[in-house]
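Reviewing the structure listed below.
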Amino acid sequence: MTSNSAKKSVIMVMLDTWMDKPFQHALKEETLPAFTYFMEHGNYYPNVVSPFPTMSVNVESTLLTGHYSDQHGVPALVWYNQKENRVINYGTHIMDLMKLGLSKSTYDALYRLNNEHLNTKVKTIHENLHEQGKESASINPLVHRGSVPHHLTIPGFIRFFVSMDKQIETYTSLTFAYGRLSKISPLQKYSHVWNKYGFNNNFSVQEFTHLVKNKEFPAFSFLYLPDHDKNVHKHGPMDIKGIKDMDRQLQTILDSFPTWEDALKNNIWILIGDNGQSDVKNNRQEALVDLRKLLQPLKITKLRKGVQKEDQIVIANNLRSSLIYSLNTNDVPLGDIVEKLKEDARVEIIAWKMNEWIHVASGDHNGSFQFKENGEMTDEYSQTWMIDGDHSILDLHIKDNTITFGEFPDALKRLHSTLHSHEGCFVVTSVKPGYEFTGEITPTHAGGASHGGFHKNDSLIPMLVTNTASTPDFFRIVDLKKWILNLTDGYHPNSKSKERSKEEEKDI
């Protein structure tokens, strides 16, 4: 993978919880050399639409496959698997994972997410590039499926608590770093238990700069910086400490090149967020919408016990949104769940499918709304719909059979995809800004911020692009894969890199 100035690598850096409003504030109030340099030499797009629910695994799956969850099959961070009759949780909180079974939940996150739950019938960017004889790199995103076998080495401290083999085979890009479990550089910094075993910004930067210093540039690199998320959860959407930290880390990346000019001249850079966050009110009693109370007297599955014969519903809580499943619709019709949710005005959106139609209601609207695909109405993303009822529930604006979106970007397709993402009879619901769902799942963020919701606060993220005038068809994460693959068309590995690829795959 020797560097060649005639070809331009695509380097995508995903900055967790990077949002436009606090970023603009930070640019005015702070010194941000790296961000400023990128801004001066690139194009900035503040309103890219993230998939719903706005949780990292869904976002990354959508980006890498170019499909919403109705095709890629990873519905949310937490969801109910009807075939296995159990709740899947890729990592809300250690206490939740212990209740579900720590070994099983850890294996879900480390193996099943990429190798079983992510639909094998849709290909990722890594798989497409591999078919074209081009190499790619994945550094720390949770979703990373590719075509090359790798081994995740599970630290002994983790294996003390979970029943798991020392090594797990997975498939990913040729160049692959996933915390302490799979490293590129020989350095040991930032990968200890107190550093979350390498799932942190400094480790991601360390691994990528190792590639830069060794002139190992694949056609596409996907680098994930996760740390800012926790700052915003704790301190609220306008916290800028994490933005300053990310700028320092971007400076380290740029400094690993001969010059900053060289870094931008010879590569196409894409800096992008994953989801936004909405503020959560300080008063816990006001801010937290307790689904257990709202859904009384229905019998809700307890995480530790798993689904029992007498249970009626399963709650899969994703912070500001939730999937609520009826285990027997003859016993508990979805309409019963909807009516209970409508009793709380903090509940902004309630949606469920019935035959071909998606039905939508709200806690602060008396009306109802229905829609389905393939009608006479065309939205701003060239998708066609048939609609009926009070479309103000979704803040749709309609003129001459054309739909534009207000508070809920790409509202129709995002709801439709979520409700067709996996088997089961369920309602998807989201709360207004200022609020968060709570239940048996542990994390809550009163006085801070949260995501997962349907509102534009959670759904719009910025993107900064250098060294290309091209843009995706639409500014949605679901549209980026096609664009990225087009950007790599001019990248052709030389004979040396092809030989090395074969040797490395043989060694693996």
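The values are calculated or read from the model by the stated rules, or taken from the named source; none is laboratory data. On a predicted model such as this, the values are computed, not experimentally measured, just so you know. A quick note on method: Cβ atoms are made from the backbone with ideal geometry, for glycine too, and the neighbour counts reach across all protein chains shown.
Conditions (1) of a type in the set (A, V, I, L, M, F, W, C); (2) modelled with pLDDT of 95 or more; (3) within 30 Å of residue 302 (Cβ to Cβ), marked per residue:
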| residue | (1), (2), (3) |
| --- | --- |
| 448 | no, yes, yes |
| 463 | yes, yes, no |
| 466 | no, yes, no |
| 476 | no, yes, no |
| 481 | no, yes, no |
| 490 | no, no, no |
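Within the group 300, 270, 243, which residue is surrounded by 14 or more Cβ atoms within 10 Å (Cβ to Cβ), of a type in the set (Val, Ile, Thr), in contact with a helix residue (DSSP H, G or I) (Cβ under 9 Å, 6 or more places away or on another chain) and under 21 Å from residue 323 (Cα atoms)?
Working: 270 fails: under 21 Å from residue 323 (Cα atoms); 243 fails: under 21 Å from residue 323 (Cα atoms).
So the residue among 300, 270, 243 that is surrounded by 14 or more Cβ atoms within 10 Å (Cβ to Cβ), of a type in the set (Val, Ile, Thr), in contact with a helix residue (DSSP H, G or I) (Cβ under 9 Å, 6 or more places away or on another chain) and under 21 Å from residue 323 (Cα atoms) is 300.
Here residue 163 qualifies as surrounded by fewer than 22 Cβ atoms within 10 Å (Cβ to Cβ) and among the small types (Gly, Ala, Ser).
For (1) among the charged types (D, E, K, R); (2) modelled with pLDDT of 95 or more; (3) not assigned by TED's automatic domain parsing to the domain that holds residue 469, each residue gets a yes or a no:
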{"position": "4", "(1), (2), (3)": "no, no, yes"}
{"position": "44", "(1), (2), (3)": "no, yes, no"}
{"position": "57", "(1), (2), (3)": "no, yes, no"}
{"position": "91", "(1), (2), (3)": "no, no, yes"}
{"position": "99", "(1), (2), (3)": "yes, no, yes"}
{"position": "103", "(1), (2), (3)": "no, no, yes"}
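Which pairs have Cβ atoms under 7 Å, sit 6 or more apart or on different chains, and link a residue in the range 314-334 that is in contact (Cβ under 8 Å) with a residue 60 or more places away in the chain to one that is among the aromatic types (Phe, Trp, Tyr) and assigned to a loop (DSSP other than H, G, I, E, B)? What qualifies is 321/454. Where helices (runs of 4 or more DSSP H) sit wholly within the range 20-86, those with at least 1 residues that are more than 30 Å from residue 315 (Cα to Cα) occupy 20-29, 33-40.
Count, please, the residues in the range 182-221 that happen to be in a helix (DSSP H, G or I), touching a residue at least 40 places away in the same chain (Cβ under 8 Å) and surrounded by 21 or more Cβ atoms within 10 Å (Cβ to Cβ). First the steps, then the outcome.
Here is the first cut: in the range 182-221, the residues in a helix (DSSP H, G or I) are 193-198, 201-213.
Next cut, touching a residue at least 40 places away in the same chain (Cβ under 8 Å) only: 197-198, 201-205, 207-209, 211-213.
Checking which are surrounded by 21 or more Cβ atoms within 10 Å (Cβ to Cβ) leaves us with 198, 201, 203-205, 207-208, 211.
Of the residues in that region, 8 qualify.
So residue 132 ticks every box in (1) over 23 Å from the mean Cα position of the chain (by Cα); (2) at pLDDT 90 or above; (3) polar (S, T, N, Q); (4) closer than 15 Å to residue 197 by Cβ but one. Which box is left unticked? For residue 132, the failing item is (4).
Please verify whether residue 81 is assigned by TED's automatic domain parsing to the domain that holds residue 215 and either touching a Phe, Trp or Tyr at 6+ places or on another chain (Cβ under 6 Å) or not charged (D, E, K, R) (or both), treating the condition exactly as stated. Taking the combined requirement at face value, the residue does not satisfy it.
In summary, residue 368 fulfils each of the numbered conditions (1) closer than 29 Å to residue 436 by Cα; (2) modelled with pLDDT of 95 or more; (3) not β-branched (Val, Ile, Thr) with the single exception of condition (2). The numbered conditions (1) touching a residue at least 40 places away in the same chain (Cβ under 8 Å); (2) in the same structural domain as residue 242 (by TED's automatic domain parsing); (3) out of contact with any helix residue (DSSP H, G or I) (no Cβ under 7 Å at 6 or more places or on another chain); (4) not charged (D, E, K, R) are all true for residue 52 except (3).
Looking at this structure, is residue 163 within 24 Å of residue 264 (Cα to Cα) and polar (S, T, N, Q)? Taking the combined requirement at face value, the residue does not satisfy it.
Can you confirm whether the range 293-310 contains a residue that is within 25 Å of the chain's Cα centre (by Cα), among the acidic types (Asp, Glu) and more than 18 Å from residue 405 (Cα to Cα)? If you could, list the steps in order and put the result at the bottom.
Looking only at the range 293-310, we keep the residues that are within 25 Å of the chain's Cα centre (by Cα), and these are 303.
Subsequent filtering for residues that are among the acidic types (Asp, Glu) retains none.
No, that holds for no residue.
Residues being part of a loop (DSSP other than H, G, I, E, B), in contact (Cβ under 8 Å) with a residue 60 or more places away in the chain and over 18 Å from residue 207 (Cβ atoms): count how many of those fall in the range 222-275.
Residues that pass the stated criteria total 9.
For the range 335-357, the tally of residues that are assigned to a strand (DSSP E or B) and more than 13 Å from residue 393 (Cα to Cα) stands at 4.
Restricting the first member to the range 103-132 and to residues that are part of a helix (DSSP H, G or I), and the second to residues that are hydroxyl-bearing (Ser, Thr, Tyr) and surrounded by fewer than 17 Cβ atoms within 10 Å (Cβ to Cβ), the beta-carbon pairs closer than 9 Å and six or more apart or on different chains are 103/163. Among residues of the range 347-388 being more than 20 Å from residue 420 (Cβ to Cβ) and charged (D, E, K, R), the one that is surrounded by the fewest Cβ atoms within 10 Å (Cβ to Cβ) is 376.
Filter the range 311-346 for residues that are polar (S, T, N, Q) and within 26 Å of residue 100 (Cβ to Cβ); which is surrounded by the most Cβ atoms within 10 Å (Cβ to Cβ)? Ranking the candidates gives 321 first.
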